[in-house]
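What follows is one structure encoded as structure tokens, with my remarks underneath.
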Amino acid sequence: MTLFASLYLFAATAASQSGAELPVVDEAVRARLDDRGLKYTIDADGDFKVTYAYRDEGRSQLVFVRGKSETVKGLVIREIFSPAARLGKDGIGSEQALLLLNNSQRNKLGSWEVQLDALYFVIKLPDTLSAEQLEVVMDIAAETADNMEKQISGNRDEL
């Protein structure tokens with residue numbers, strides 16, 4: 001048994017004994033991210049979390065690839081999303097809401113969504129993307145969300 005397999009077995013056993021469940025990991029997504037050499041972690045929901053570093057600006061941006069796909073009328077859909085604001089902290093007034101709607105209309109990929117207390121830029125595409133295409137979509141999500149984070153919160157960089 002390899003070291004990786006042993007560690008996985010240990011973690012799975014510990015999780016089952018503690019009542020916690022390990023997230024189901026989509027190996028196809030893992031393979032695409034690995035193919036591009038992207039560093040990631042997997043959160044409790046099974047989503048792949050990547051931190052982009054914009055060194056020239058001294059900023060970073062989180063991007064997630066949803067760990068579970070969804071099927072709509074036979075199409076398997078994958079979500080790529082990136083947070084841009086915390087609603088409780090940043091607030092979204094009517095002027096900013098109109099800015100977001102106009103921005104969504106101009107974007108060729110993706111739109112703005114609110115989930116719980118956060119504003120996300122979300123791209124939903126068929127899950128047939130190559131590793132290179134997935135990375136391009138992640139780049140778009142990160143850049144779009146970080147630009148909006150700067151507009152909404154000033155130069156604060158929390159997401």
With criteria (1) surrounded by 15 or more Cβ atoms within 10 Å (Cβ to Cβ); (2) in contact with a strand residue (DSSP E or B) (Cβ under 8 Å, 6 or more places away or on another chain), GLN96 comes up short on (2)
Do you know which of the residues in segment 103-138 that are part of a helix (DSSP H, G or I) and touching a residue at least 12 places away in the same chain (Cβ under 8 Å) is surrounded by the fewest Cβ atoms within 10 Å (Cβ to Cβ)?
GLU132
Quickly run through segment 47-58 and pick out the residues that are buried (at least 16 other Cβ atoms within 10 Å of the Cβ) and not in a strand (DSSP E or B).
ASP47
What are the pairs with Cβ atoms under 9 angstrom where one residue, in segment 78-91, is assigned to a loop (DSSP other than H, G, I, E, B) and the other, located anywhere, is of a type in the set (A, V, I, L, M)? Sequence gap at least six, or different chains.
GLY91/ALA85; GLY91/ILE152
Quick check on my filter: what residues within segment 66-82 are closer than 19 Å to ASN147 by Cα and either in contact with an Asp or Glu (Cβ under 8 Å, 6 or more places away or on another chain) or basic (Lys, Arg) (or both)?
PHE81, SER82
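Which one is surrounded by the most Cβ atoms within 10 Å (Cβ to Cβ), of the residues in segment 59-77 that are part of a strand (DSSP E or B) and free of Cβ contacts under 8 Å to residues at least 24 places away in the same chain?
Per the stated criteria, the residue is PHE64.
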Sort through ALA97, ALA85, ALA141, ALA131 and tell me the only one that's modelled with pLDDT under 85 and among the hydrophobic types (A, V, I, L, M, F, W, C).
ALA97
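The values are calculated or read from the model by the stated rules, or taken from the named source; none is laboratory data. If you're wondering where the values come from, they're calculated on a predicted model, not measured in any experiment. Positions of Cβ are generated from backbone atoms using ideal geometry, with glycine treated the same way; all protein chains shown enter the neighbour counts.
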